[in-house]
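**Student:** The structure's right below; bear with me while I get my questions together.
Read-outs: derived from the displayed coordinates by stated rules, not from any lab. Because the structure is a prediction, the values reported are computed rather than measured. Note that each Cβ is placed from the backbone with ideal geometry, even for glycine, and that neighbours are counted across all protein chains shown.
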Ligand code: MN
């Protein structure tokens, strides 16, 4: 199928292409890699024996969870405003977005400006397995059953195209099994699987506040969240805290 070369807001997201590099066009068009620390996806990823998946908690214009499944060398991506739920009675809206490069799956950090400006926490990672032979056909059909084996999420799930709020709206639903629970996993286990921190700790890793004048969002709940996280990061960054939190250096021996 020929891909449209021009951008239009109604264009469906790049989906499971035969040429992985071509499917990253939208991803690259949205970003200025001179200003963003996010991966460019220029180095081709080798086909893996096991399929990687990850969930990135992303505070940007709104808090959401980016759910990514490796397929054909790229990461199929859905943005889930409320995050995944282990409760089989809960259907979470998942907006299908453009494919991301495979190496995006390890990204955690601050996007200072531009598209997605905010903070990314690597919230879960692991492997996934489709419960159908043909993933592309399942995506076209709008019904993808699969298994997850992550650090937080596991068991059987289904992504179903909803169509109610446009062509890119899907629902992520947990299937009943030994992994299903009625509690909210996003609240129970908020921390990163890579650094054990949350938004403030990841922001505090930056030498200084990347938004000294205006945070990416000012108003509403998201604005309040940014202000709170900025204040916490400033405390974590303060010299006193650094001194108290610093590891003893006694054991370090200088060679020269
Ligand atoms: Mn995002």
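**Student:** What number in nm² do you get for the range 108-158 if you take the convex hull of its Cα atoms and divide its surface by four? Numbers along the way, then the final one.
**Tutor:** Numbers: hull surface 19.4 nm².
So the Cα hull casts an average projection of 4.9 nm².
**Student:** Report, in whole Å, the centroid distance computed from the Cα atoms of the range 53-69 and the range 166-185.
**Tutor:** First find each Cα centre; the distance between them is then 15 Å.
**Student:** May I pose another question? Binned at 5 Å from 0, what are the whole-percent values of the Cα-Cα distance distribution for the range 25-93, short to long?
**Tutor:** Reading the bins upward from 0: 3, 13, 17, 24, 20, 12, 7, 2, 0.
**Student:** Give me 43, 77 sorted ascending by neighbouring Cβ count inside 10 Å, so fewest comes first. Intermediate values should be presented prior to the final figure.
**Tutor:** Numbers: 43 10, 77 23.
Lowest count first: 43, 77.
**Student:** I've got another one for you. Express the relative contact order of the range 112-200 as a whole percentage, based on alpha carbon pairs under 8 Å and six or more residues apart in sequence.
**Tutor:** On the way: 125 pairs, mean separation 23.2, N = 89.
The value is 26 percent.
**Student:** Next up: For the range 53-150, list log₁₀ I(q)/I(0) at each q in 0.18, 0.19 Å⁻¹, using the Debye formula over Cα point scatterers of equal strength and ignoring solvent, two decimals each.
**Tutor:** The calculated log intensity ratios at q = 0.18, 0.19 Å⁻¹ are -0.88, -0.97.
**Student:** Using a 10 Å cut-off around each Cβ, can you sort 33, 199 from fewest to most neighbouring Cβ atoms?
**Tutor:** Working: 33 13, 199 25.
Starting with the residue having the fewest Cβ neighbours, the order is 33, 199.
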